[in-house]
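J.: Here it is: the structure, laid out below.
A short reminder: the numbers here are calculations on the coordinates, not readings from a lab. It should be emphasised that the depicted structure is a prediction, and the values quoted were computed from it without experimental measurement. Ideal geometry is used to build each Cβ from the backbone, glycine not excepted, and the neighbour counts take in all protein chains shown.
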Ligand code: PRP
Ligand code: URA
């Protein structure tokens, strides 16, 4: 664990995460909370976005005012569950582009299986924010980072709601350059590689498929 790992323990986020973890939370509330927490995490993950200035005129006078510089980043959700976070990111950065990466964990081997990929044409010129609610063994996120580096992307961040220490270690071993933003760092994994205490199967809870 080092300065590349950012556990965002803002009280509002921690409160919302507790409701999210509760097994009695409805699909509707779960989906809304994932989006809201996505927004709060994006606020932290974009703290170092570069600024420039432009001249504007307020009702009082002219001024050189700060404005975001350069191309907006690409947000890359790992499907399915990562889709739940996209709306929150876009509410903070409406001009961000979206690249989709379809991946699921093989339930026996826990290895990620890729089934879809569609990126913005100029993704190599953009910073990338990979989003997924869960970082468990780290297999899916590591594969996603490999793929984005394969596109020529250099500045990659990973944003998750809940992380396990094993997932953090796996990313830091393979991709020590990647900043990781998470809402909570949990105790570990159970025998089925689910995060403990976690929140269960994020995809099933977002989409109501269980
Ligand atoms: C979940 C989750 C991550 C992955 C995390 O997806 O959304 O992508 O597992 O596990 P890992 O760190 O051990 O790779 P899942 O495979 O359940 O697919 P889904 O999003 O389609 O439900
Ligand atoms: N995927 C999930 O959806 N939840 C976990 O706890 C681990 C992987």
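J.: With the condition kept exactly as written, say whether any residue in region 132-143 is exposed (fewer than 14 other Cβ atoms within 10 Å of the Cβ) and in contact with a helix residue (DSSP H, G or I) (Cβ under 7 Å, 6 or more places away or on another chain).
T.: No - not one qualifying residue is present in region 132-143.
J.: Just need a number here: residues in region 193-209 that are near ligand 1 (Cβ under 10 Å from one of its atoms) and at negative phi.
T.: So the count comes out to 10.
J.: Which residue, of 173, 126, 121, is away from ligand 2 (no atom under 16 Å from the Cβ) and over 25 Å from residue 44 (Cα atoms)?
T.: Checking each option against the conditions leaves just 121.
J.: Further question on the same structure: When you go through 146, 186 one by one, which is the residue that is exposed (fewer than 14 other Cβ atoms within 10 Å of the Cβ) and within 14 Å of ligand 1 (Cβ to nearest atom)?
T.: On inspection, the qualifying residue turns out to be 146.
J.: Just a yes or no: is a residue in region 16-38 within 23 Å of residue 152 (Cα to Cα), away from ligand 2 (no atom under 16 Å from the Cβ) and either buried (at least 16 other Cβ atoms within 10 Å of the Cβ) or free of Cβ contacts under 8 Å to residues at least 12 places away in the same chain (or both)?
T.: Looking for residues that are within 23 Å of residue 152 (Cα to Cα), away from ligand 2 (no atom under 16 Å from the Cβ) and either buried (at least 16 other Cβ atoms within 10 Å of the Cβ) or free of Cβ contacts under 8 Å to residues at least 12 places away in the same chain (or both), one finds none in region 16-38, hence no.
J.: Restricting attention to region 92-105, and to residues there that are closer than 20 Å to residue 206 by Cβ and in a strand (DSSP E or B), which single residue is farthest from ligand 2 (Cβ to nearest atom)?
T.: Here the residue is 98.
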